[in-house]
Structures are given as structure tokens and as C-alpha cells.
Amino acid sequence: MVTRKEFDEATARAKNPRLAAPAAVSAKYLRATRRVSVTLNTGIEVVFPADRAEGLARARPSDLADIEITPSGLGLHFPRLDADIYLPALLEGVLGTRRWMAASLGKKGGSARSEAKANASRKNGKLGGRPRKIEKRNPKVRAAS
């Protein structure tokens, strides 16, 4: 358990003006657009869609409305979801783990429609398309006669 004195000391260290990284000073959930808005100590406001961040994608608005900023200002914590966002990664456009982002981007690419994709699909179809799945039979199971 962290004592009040330790917390105050950490907060004072976090407010050190020598910190080079931008830090969050406020954060709020914008219900109408389903976005999270973060105001930085530099005066810049960063807004991102909640659905694009790992851990927030399927969250209820009431769960997204509760946002805590870490004492350093480098993290956002959503206590009702037990989800965290690291501000430097957010500023680089990283909204989740590498695996989660790859799956998210892959899903988007797979659902994309373009003339080039349609032509490739037609060409593949002329070649016979995907091979049919062959049902594997278990030799120990006998068919009922």
C-alpha cells in the first residue's frame, strides 16, 4: 500500500518541469462522438476513437466516462475496465499491443472493397478458387446402416 507521503512525493516528482515528454493534464469521454479527449501540458488536445483502443472497443459509455490520469501524466487508466493507455505510445499512434493492432488492421483490410481486390478474386475463381474442404473421417467411427 502506498502511503500519502509517498504519493505526494511521486506527484511532486511528476510535476518537475524538466520532464521532456508531453503529459496529460485532463481527459474526458465525449459520448456524442464516442471519442476520448486528452489535453496535454503543452496545450495540445489529442482526440481518438474509443473503439480503436485495446480494452475500450466494446466498453459502455458509463465505463469510458471514468478516466484517471497517472501522477506522471504519462498514462490514462480506465478503472471500470482495468484498461490503461500509455500516452507516449498514443502519440505515436499505437493503441494496443502489436498482436491486437495487427488483428484489428487485418480485419479492416479483409473487409475492404476495391476494383483490384475484385479482379484478383475473379482471377482466382477462374483458376478453380479455393480448394474444397475435405471432410476427414474418423476410422474408429462406423456409419450406421
Stretchable slack from Ser121 to Glu92, in nm (0.36 nm times residue separation minus alpha-carbon distance): 7.0 nm
Label-to-label distance, nm, for residues given as Thr39 and His77 (7 Å Cα→Cβ offset): 2.2 nm
From phi via Karplus (6.51, -1.76, 1.60), per-residue ³J(HN,Hα) for the range 80-91 in Hz, x at Gly/Pro: 6, 10, 6, 10, 10, 10, 8, 4, x, 5, 4, 5
Amide H contacts of Val25 (H built 1.01 Å from N, under 5 Å, at least 5 apart or other chain): Thr39, Leu40, Asn41
Shape of the range 22-99, Cα gyration tensor, a/c cut at 1.5: rounded
In Hz, Karplus ³J(HN,Hα) per residue of the range 26-32 (6.51, -1.76, 1.60; θ = phi - 60°; x = Gly, Pro): 7, 8, 8, 9, 9, 4, 4
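Taken together, the values in this text are just the output of simple stated rules run on the coordinates, not laboratory data. Since the model is a prediction, treat every value here as computed from it, not as a measurement. Cβ: placed from backbone, ideal geometry, glycine included. Neighbour counts: every protein chain shown.
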